[in-house]
């Protein structure tokens, strides 16, 4: 089974973050949630590996939950 590779592969992660933030500009909260969901589904399809997707979901959930414990 393939393992999730969480190393940084983006040449300019800050620019990617800015693009993601700008994609939400002018949207309602509901539209913003729908944009996030659509983007996740598109990227999951691009990944095309359900086992890796499960690992990614678990890693993202752990990061979010851990961040809330620290707040």
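Details
- Test: residue 69 is modelled with pLDDT under 95, over 17 Å from residue 6 (Cβ atoms) and in a helix (DSSP H, G or I): yes
- Filter result for the condition that a residue is out of contact with any strand residue (DSSP E or B) (no Cβ under 7 Å at 6 or more places or on another chain) and in contact (Cβ under 8 Å) with a residue 24 or more places away in the chain, over 51, 29, 37, 44: 51
- In this structure, residue 39 does not satisfy being assigned to a loop (DSSP other than H, G, I, E, B), surrounded by 11 or more Cβ atoms within 10 Å (Cβ to Cβ), at pLDDT 95 or above and in contact with a helix residue (DSSP H, G or I) (Cβ under 9 Å, 6 or more places away or on another chain).
- Looking at 25, 30, just one residue is exposed (fewer than 10 other Cβ atoms within 10 Å of the Cβ), in a helix (DSSP H, G or I) and modelled with pLDDT of 95 or more, and that residue is 30.
- Selection status of residue 59, touching a residue at least 12 places away in the same chain (Cβ under 8 Å), surrounded by 10 or more Cβ atoms within 10 Å (Cβ to Cβ) and more than 13 Å from the chain's Cα centre (by Cα): no
The values are calculated or read from the model by the stated rules, or taken from the named source; none is laboratory data. Remember, predicted model here, so these are calculated numbers, not experimental data. Reconstructed Cβ throughout: ideal geometry from the backbone, glycine too, with neighbour counts over all protein chains shown.
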